[in-house]
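> Below is a structure I'd like to ask you about.
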Amino acid sequence: MIRISVQAAPIDLAAELEHAELAGAGAVATFTGLVRADDAVELLELEHYPGSTEAALRALAEQATQRWELLAATVVHRVGPMRPGERIVFVATAAPHRAAALEACAFLIDRLKTQAPFWKRETRGGVARWVEARESDDAAAERWG
């Protein structure tokens with residue numbers, strides 16, 4: 001079971017975790033990303049192409065379910081304006097055993113950082129600028145082949 005959501009609304013961790021646990025798995029691994037306040041970031045805005053973004057996230061989740069024995073994969077990503085400390089992404093993977101759940105969860109977050117079509121704009125000191133991709137994100141995604 002794959003669940004993908006791209007939304008402006010805050011991420012409800014309890015509801016998302018309950019959805020992942022319904023799979024009857026022996027392990028559920030999760031990752032929750034928060035908007036960082038690095039270098040005095042006041043606001044983070046994410047833009048995307050509706051339809052294309054969901055399709056890209058679904059394709060990544062399908063890759064994960066083919067590579068590992070997963071019972072469920074969930075990816076929830078926020079768009080729009082967010083403040084430091086707010087949840088920006090939630091990934092959950094459910095599997096019969098922990099190794100598959102943990103590896104698949106890491107795969108999904110590493111790959112979505114580089115392969116999902118989102119555009120970030122940060123505001124610092126009242127000045128907004130677009131954010132370029134980080135080399136460290138590319139390196140993390142490459143480790144999965």
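> Regarding residue 130, is this residue farther than 20 Å from residue 11 by Cα, over 12 Å from the mean Cα position of the chain (by Cα) and not charged (D, E, K, R)?
Here the answer is yes, as residue 130 does meet what is asked.
Residues checked against (1) aliphatic (A, V, I, L, M); (2) touching a residue at least 12 places away in the same chain (Cβ under 8 Å); (3) in contact with a strand residue (DSSP E or B) (Cβ under 9 Å, 6 or more places away or on another chain); (4) open to solvent by less than 10 Å² (accessible area, probe 1.4 Å):
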| residue | (1), (2), (3), (4) |
| --- | --- |
| 63 | no, yes, no, no |
| 82 | yes, yes, yes, yes |
| 92 | yes, yes, yes, yes |
| 98 | no, yes, yes, no |
| 107 | no, yes, yes, yes |
| 119 | no, yes, yes, no |
| 126 | no, yes, yes, no |
| 138 | no, yes, no, no |
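> Do we have any residue at all in segment 47-55 that's surrounded by fewer than 17 Cβ atoms within 10 Å (Cβ to Cβ) and within 12 Å of residue 105 (Cα to Cα)?
no
> Taking segment 28-41, which residues are modelled with pLDDT under 95 and either open to solvent by 50 Å² or more (accessible area, probe 1.4 Å) or not β-branched (Val, Ile, Thr) (or both)?
Listed by number, the residues that qualify are 36, 37, 38, 39, 40.
The values are calculated or read from the model by the stated rules, or taken from the named source; none is laboratory data. As the structure is a prediction and not an experimental result, all values here were calculated from the model. With ideal geometry, Cβ positions are generated from the backbone for all residues, glycine too; neighbour counts draw on all protein chains shown. Note: accessible area is taken over every heavy atom of the protein model, side chains too, but ligands, DNA and RNA are not part of it. Shrake-Rupley method; radii C 1.70, N 1.55, O 1.52, S 1.80 Å.
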